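See below for the structure under consideration.
The values are calculated or read from the model by the stated rules, or taken from the named source; none is laboratory data. Here the structure is a predicted model, which means the values were calculated and not measured. Positions of Cβ are generated from backbone atoms using ideal geometry, with glycine treated the same way; all protein chains shown enter the neighbour counts. Ligands, DNA and RNA are stripped out before the accessible areas are found, and what is left, the full protein with its side chains, is counted by its heavy atoms. Shrake-Rupley method; radii C 1.70, N 1.55, O 1.52, S 1.80 Å.
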Amino acid sequence: MEAAWTRFFPHTRKILSILHEDQSIGSPQRLFVDFSILADATSRLHDPNLGGGALLDLGFYPVTWAFLILYKHPKNESTLPQINATMMLTERGVDEFTSITLTFEKLRAVAYLTTSISNTTPKPFSILVQGEKVSPSSQQQSSFAQERMNS
């Protein structure tokens with residue numbers, strides 16, 4: 001339930017307002033979300049008997065952001081995405097790396113979600129949303145990033 005709380009945080013509501021109501025980057029086109037940690041080999045995350053693996057413990061966060069930003073986007077009209085996923089298992093049989101691609105046809109947007117128990121989320125971001133608007137001054141695509149906090 002902890003990751004589900006994310007949707008109720010004030011900063012989450014502000015981000016969704018910026019993206020859904022203000023549409024400061026236009027319609028979102030690509031979403032990149034990663035939540036990865038370097039788990040010690042003795043951690044329960046490496047133990048299949050203790051519910052180990054990246055997807056079940058960490059993957060809920062990227063999936064939550066994808067559904068908040070893209071699935072709940074007004075232009076998507078709550079249309080479910082196409083899902084493709086791959087994972088690499090450890091010798092003990094838990095997923096070490098998981099990548100998920102969610103294709104939101106109605107919104108014409110794609111979410112690239114990753115999680116790992118053998119690497120950390122790359123700095124400077126953990127969430128990056130790219131939209132259809134292009135900044136006239138820089139000719140670069142507009143984007144919105146949620147920077148990773150040091151822990």
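Taking the accessible area of the chain, probe 1.4 Å, and keeping the other protein chains in place, the carbon and sulfur fraction comes to 55%. Local charge for residue 109 was computed over the other residues whose Cβ lies under 11 Å away, with Lys and Arg +1 and Asp and Glu -1, and equals +2. Given the options 68, 24, 118, identify the residue whose Cα lies farthest towards the positive end of the charge dipole of the chain (+1 on Cβ of Lys, Arg; -1 on Cβ of Asp, Glu). Projecting each Cα onto the dipole axis, the largest value belongs to 24.
The stretch between residue 43 and residue 88, if pulled fully straight at 0.36 nm per residue, gains 14.4 nm over its current Cα-Cα span.
Computed over region 1-64, the P(r) tail beyond 14 angstrom holds 69 percent of alpha carbon pairs.
For the chain, what is the accessible area per residue in Å² when the probe is 1.4 Å? Can you show the working numbers first?
On the way: 8880 Å² over 151 residues.
About 59 Å² of surface per residue is accessible.
Using only the C-alpha atoms, the convex hull of the chain corresponds to 124 Å³ per residue.
Rounded, prolate or oblate: which fits region 43-86 when a ≥ b ≥ c are the square roots of the eigenvalues of the alpha-carbon gyration tensor, with rounded for a/c under 1.5 and prolate only if a/b beats b/c? Since a/c reaches 1.5 and a/b is larger than b/c, the shape of region 43-86 is classed as prolate. Please list, by residue number, every one of the GluC sites (Glu not before Pro) in region 90-134 that is coil in DSSP and has at most 16 other beta-carbon atoms within 10 Å. Sites meeting the loop and neighbour criteria: 91, 105.
Express the relative contact order of region 32-139 as a whole percentage, based on alpha carbon pairs under 8 Å and six or more residues apart in sequence.
This gives 36 percent for region 32-139.
When only the Cβ of Lys, Arg, Asp and Glu is charged (+1, +1, -1, -1), the dipole of the chain relative to its Cα centre reaches about 480 debye. Label zone of residue 118 (point 7 Å out along Cα→Cβ, amide N under 18 Å): in region 36-68 this covers 36-49, 52-59.
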